[in-house]
Amino acid sequence: MLDLASLTELLDQPRKIVITTHHKPDGDAMGSSLGLYNYLIQQGHHAKVITPTDYPDFLNWMPGNGEVIIYTENTELSATLIADAEIIFCTDFNSLSRINEMGVLVGKSAAYKVMIDHHLEPEDFDDYRHWDINACAAAQLVYTFIVDQLKHKELINKDVATCLYTGIMTDSASFRLPNTTSTVHRIVAELIDAGANNARIHDLVYNSASENRLRFLGHCLANCLEILPEYNTAIISVNKTDIARFNVNTGDTEGIVNYALSIATVRLAAFIVQRNDKVKLSLRSKGEFPANEICKKYFNGGGHRNAAGGQSDEPLEATINKFKSILPEYKTLLIQ
Ligand code: 5GP
Ligand code: MN
């Protein structure tokens, strides 16, 4: 275990550092990782962000993006960097299974592991932990790590601020989830003062879709939406043929589940998509409904109360039926 004083001392010298985040990185995964990266390089550290898989184009513009290494595309270099690292920062995840095969390499590495995360039930693989499930984003925790713990507010420059703003904006669904507290708004205000261009960041993330993506969304809403009024639940399910027909790429499915949740009566929304041999589920809920419990108990996943995900090895139809069969267990929570 490392305490803050030892970690601070360790970071006083330039170190070989790897920063990694969960597979299929989202805005918070990339924003928290690159925010930390842009902070560390100012102090002469040899830092590299390694993502377990690729990530959507609407996230490929953040400062430092050009230096990101994608594990699946650069396995050997990634393995060497992980093995040689002195410190490995793990942002926006807390279980090594979330970084796929990289988990074994990170587990084996002699590096100190620093977890910066806001998910439930952290696994015990870290040496230092900055973890708070009440944080709306890992990027919020990177901010408090730099400012409150390492006392380096002056190093929150425009690049750091831009990345952290992106992480907070995306994970808080544009500042509207219940965990977007006044403290979060104060941090966001500091990030804007430090140079984050809020309107530009919003456009880059949310107004940069392809025509295909919009037509795919139209298809999902017109043809793939099923409402189960007796459970206040909505399901959008998409098969392999649709994915191929609309040429759906990484990230094109992001956020579609929220349209199902936007119906007044819907308390639980599911987006179920078949890609290759895997079926992936994204759940969103309103209020107290524990979407993560369903993912953890039945779909080998997890997440937050109102936003969670999981997967199934069964075919699409069987997965949809399994999801429906679970709803009676939650009926009282769903219809209140
Ligand atoms: P999404 O629906 O956007 O894929 O995921 C929503 C949230 O659920 C993510 O922020 C992540 O915390 C969590 N999540 C998604 N998939 C998984 C999974 O397979 N395992 C775990 N533990 N969490 C997941
Ligand atoms: Mn997050």
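The values are calculated or read from the model by the stated rules, or taken from the named source; none is laboratory data. Note that this is a predicted model, so its numbers are computed, not measured. Cβ sites come from the backbone with ideal geometry, for glycine too, and all protein chains shown count toward neighbours.
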Does at least one position in region 132-140 carry a residue that is under 21 Å from Q42 (Cα atoms), at pLDDT 95 or above and not hydrophobic (A, V, I, L, M, F, W, C)?
yes
Take the conditions buried (at least 16 other Cβ atoms within 10 Å of the Cβ), in contact (Cβ under 8 Å) with a residue 12 or more places away in the chain and within 16 Å of ligand 1 (Cβ to nearest atom) and apply them to A85. Does it pass?
no
Output yes when any residue across region 186-205 is on the phi < 0 side of the Ramachandran plot, within 15 Å of ligand 1 (Cβ to nearest atom), outside any strand (DSSP E or B) and not aliphatic (A, V, I, L, M), and no when none is.
no
Subset of region 116-135, residues more than 13 Å from ligand 2 (Cβ to nearest atom) and on the phi < 0 side of the Ramachandran plot, comes to P122, E123, D124, F125, D126, D127, Y128, R129, H130
Scanning region 163-179 for residues that are away from ligand 1 (no atom under 15 Å from the Cβ) and crowded, with 16+ Cβ neighbours inside 10 Å, which turns out farthest from P290 (Cα to Cα)?
C163
Do any residues in region 208-234 that are of a type in the set (D, E, K, R) have Cβ atoms under 6 Å from those of residues that are surrounded by 13 or more Cβ atoms within 10 Å (Cβ to Cβ), where the two are at least six apart or on different chains, and which pairs are they?
R213/D252; E226/I235
The lone exception for L177 - which of (1) within 15 Å of C136 (Cβ to Cβ); (2) at pLDDT 95 or above; (3) of a type outside the set (K, R) it fails:
(2)
Within the bounds of region 23-44, is there any residue that is small (G, A, S), out of contact with any Ser or Thr (no Cβ under 9 Å at 6 or more places or on another chain) and either within 16 Å of ligand 1 (Cβ to nearest atom) or modelled with pLDDT of 95 or more (or both)?
yes
Residue within region 115-137 that is away from ligand 1 (no atom under 16 Å from the Cβ), touching a residue at least 40 places away in the same chain (Cβ under 8 Å) and assigned to a helix (DSSP H, G or I) present
no
Subset of region 240-254 (residues that are crowded, with 18+ Cβ neighbours inside 10 Å and under 19 Å from D171 (Cα atoms))
G251, D252, T253, E254
